[in-house]
Every structure is written in structure tokens, then in C-alpha cells.
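Just below is one structure, and these are the notes that go with it.
The values are calculated or read from the model by the stated rules, or taken from the named source; none is laboratory data. Keep in mind that what you see is a predicted model, and the values were worked out from it rather than measured. Because the Cβ atoms are built from the backbone with ideal geometry, glycine has one as well, and the counts that use them run over all protein chains shown. Accessible surface is based on the protein model in full, side chains and every heavy atom, while ligands, DNA and RNA are left aside. Shrake-Rupley method; radii C 1.70, N 1.55, O 1.52, S 1.80 Å.
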Amino acid sequence: MWIESTIAMRFLRQGRAQTLLILVGIAVGVAVIVFVTALIAGLQENIIDRTLGTQSHLRVEAPREVNRIAPVPAGTTQLVLEDPRPQALRPIDNWIEVQGVLDRLSGITAVSPLVSGPAFGRRGEAVESVALVGVDLARYLRVIPLDENMVEGRLEVGSGNAVVGRQLAEDLGLRLGGKLRLDTGGGRDAVVNVAGIFELGVRELDARYVYVDLKQAQSLLALPGGVTVIDVTVEDLFAADRMAARVRGLTGLQAESWMESNAQLMNALSSQSLSTRMISVFVAVSVALGIASVLAVSVAQRTREIGILRAMGTRRAQMRRVFLVQGAVLGLAGSAIGALAGLGMVAAFNGFGPKLFLIPLPPALVPAAMALATIAGMGAAYAPASRAARLDPVEAIRG
């Protein structure tokens, strides 16, 4: 193998211009693979973080109410015209037992019961429709990092305190320490003190959400001791749909994963991943074609030298390995240069880019890109290597 490597390096040195050009081409291709793959991965991670910063991985609720049709005697034809049953605000039956089951379930990291329902927020003559959310704050913060999104005041619910979204505060003219009347109808209302203002970054949530203590929300929504939702966080984000199916089977409740509630987002992420793989494949193909063309020209230019080597006893397998080594060396050297360039592009984006998000660098990305380029180089070298190995020594020397 040492002899084949020596001959391969000699051929590469003799064609310096061609070697340099193909090295540049491979380096550019690998740099593109590294940067684009890291960029798409960073973009997807940022999108998922922003999405899950405002919602749980699983949302467990009471089963939907459906109409039950009375049975009819056998042989009777029944024509049914029904309207869908309206979905009233309902608590989860035996929610404390359900919470205990979910707490013990492997793959689940946090469980938070809450009460959520509609209300009106009033201040003077101003009225806004709000979503009243009653939480057990210690548990809720393990699911939604609301404390990281506070922009004014403190995160404090209970004892007559509440936190509201920035947009809602602006719409109602609320300040820290201001009073907000919450009216849920049926004569149930309460005046709360605005202890803090948060900004989740989603206008609809910032304009509607009002967080209060779990017991106060239960009283206002006429659900004493009940909860309407159990939010759940899982270990594996992309296994949330399987965990939702498992929860449905264990509890009989309605469980929806973030992947189901954000189906369009998942389609977009899948499309991005597919486009990244396609870019990598096309770049690898272009690298392979470039190496193949250089080695094909090398075989044509060195026909006489190949004939002499064959006449001196070099076997066909050895001659084939000479060009395979050339392809591997070109792929490996070009990919190393390209990997460094890709890392530089990532660092430049993180340091001088728009600062909307940082590009993480997956540990396996650079080795995988270099391996892809090296394998592509060896694969591209196979046809020229086979041609060189088939040359007849006498005809090659005459040519």
C-alpha cells in the first residue's frame, strides 16, 4: 500500500494546477454542507424553542362530549340528523389520581394541573376578553418558563395578585399595582392586583392571558377543586406523539402533543430537513464528478507512465489502488479545508450576523461531511482507476 500511496502522491504533484482546482471545489462543497446544515439545525432549534416556550409538550383534557344515539330494535332502519354537541367547560375527573399516574410515568419530566377558561377583564370603561389561567406556580414553571419572560414587576399569583400580558396591559392601561376586575359571568367576579407583566412574544397570548392562583381560578370559573387541563413535559420532544397515545391508553383522556397541534410547523421542519439532505447529495455528486474528471484526465495524460509501471510488474489491483488513493486523498484534504472554512462561516454568523439566533455545531457534522467527501472521492475514482488497470502495457507505452 505504501508503493501505491507514493505513486499516487507523485501523480498529484505533477498535476498541481488540476489538483489545486479540485481541492478548491471540494473545499467549497464541504463548507456549504457544514454551514447550511448547521444553519438549518440552528433555525429549527430556535423555532422549536420559541414554540415550546409558550406551550407544553402534551396537553391532557377531559374527553370531548359526543351525542349518544339510543339503540333501536333489530331490523329497524334509523335515520339520524344530529348537530354536534357543544363543548362546555368541564373538569378532568379524578385529576389528582391522573396527576399521580403521570408523575410516575417514565419519559415524563414535569406535570402541571391548571384551570383555564374565558373571562372579561375590566378597568373603568375598557373591557377585553381574556383567558383566565389558574396555576400551581411551582409546577407550572417546570413546564413553561414564565419567570424568564417577565418584563416588569414580579411573578406572583395568589393573595389577590395576578400577572398579565404586555399587550393586555397596554390595551387596558394597566400599570404595576393597578387593579383589574375579572368577570366570568353568573355574578362571579374578583378584583386582582397586577403584580407583574410578561411578554411571551406571541401577540395573541400577550393580549389575552391573565395568570392567577389555581384556587382563585377554580372559584371564578365555578369549578371548585377541579382542573380543566394537565400540561406535561416529556424527555424526548420528537416522541411526544407516542407519549400522547400512551397517556390516552392509560387514562382514557384526550391527550394532544405539540406535534399534533403544530402540524404545519412539523411539515415545514420536515421540508427544511429534506432540502438540507438534497443540498448535501447534490454537493457530493458535484464533488464526485469533479474528482472523476480530474482523474480521467490524469489517466489520459499518464498513459505512457502507467504502461511503464505495468511493464515493470505493477499488478492491475495495485494500479487500481493508485487512483483510488488519489481520490481518497483529494476528498480528505479538500474536506478538511472545507470543514475549516465552514466552521469559520458559522463563527462569523454567530459573531457578526443578525443575532436572531446562534448556530449550534453538532459534534458529528464535521466528521460526517469529511467522510462523505472522502467516500465520494473514492467512488468517483473507481471508473478512472478501472480504466488505468485495464490498459495494456505495450499499447500504453506506444501511445
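Please note which strands (runs of 3 or more DSSP E) are completely contained in the stretch 151-222 and include at least 3 residues that are in contact with a Lys or Arg (Cβ under 8 Å, 6 or more places away or on another chain).
179-185, 188-198
Taking the stretch 137-154 on its own, how many of its residues are touching a helix residue (DSSP H, G or I) at 6+ places or on another chain (Cβ under 7 Å) and open to solvent by 60 Å² or more (accessible area, probe 1.4 Å)?
Residues that pass the stated criteria total 1.
Got at least one residue in the stretch 226-233 being open to solvent by 60 Å² or more (accessible area, probe 1.4 Å) and not hydrophobic (A, V, I, L, M, F, W, C)?
Among the residues of the stretch 226-233, not one is open to solvent by 60 Å² or more (accessible area, probe 1.4 Å) and not hydrophobic (A, V, I, L, M, F, W, C), which makes the answer no.
Across the stretch 88-130, what is the number of residues that are part of a helix (DSSP H, G or I) and open to solvent by less than 10 Å² (accessible area, probe 1.4 Å)?
Qualifying residue count, the stretch 88-130: 1.
Just for the stretch 47-71: of the residues that are polar (S, T, N, Q) and at pLDDT below 80, which one is most open to solvent (accessible area, probe 1.4 Å)?
Filtering first and then ranking leaves N67.
What are the pairs, 6+ residues apart or on separate chains, where a residue within the stretch 213-230 that is closer than 13 Å to G160 by Cα has its Cβ under 7 Å from a residue that is open to solvent by 40 Å² or more (accessible area, probe 1.4 Å) and part of a loop (DSSP other than H, G, I, E, B)?
L214/D136
I need the full set of residues from the stretch 240-262 which are assigned to a helix (DSSP H, G or I) and open to solvent by 20 Å² or more (accessible area, probe 1.4 Å), in order please.
Scanning the stretch 240-262 gives D241, R242, M243, A245, R246, R248, G249, L250, T251, M259, E260, S261.
Keeping to the stretch 332-375, report how many residues are open to solvent by 40 Å² or more (accessible area, probe 1.4 Å), among the β-branched types (V, I, T) and not in a helix (DSSP H, G or I).
Number of matching residues: 0.
What about L79, is it among the aliphatic types (A, V, I, L, M), open to solvent by 60 Å² or more (accessible area, probe 1.4 Å) and over 27 Å from V194 (Cβ atoms)?
Yes.
Pairs needed: first member in the stretch 36-60, under 24 Å from A368 (Cα atoms); second member anywhere, open to solvent by 50 Å² or more (accessible area, probe 1.4 Å) and assigned to a helix (DSSP H, G or I); C-beta distance under 7 Å; at least 6 residues apart or different chains.
Between residues of the stretch 36-60 that are under 24 Å from A368 (Cα atoms) and residues that are open to solvent by 50 Å² or more (accessible area, probe 1.4 Å) and assigned to a helix (DSSP H, G or I), the close pairs are V36/I279.
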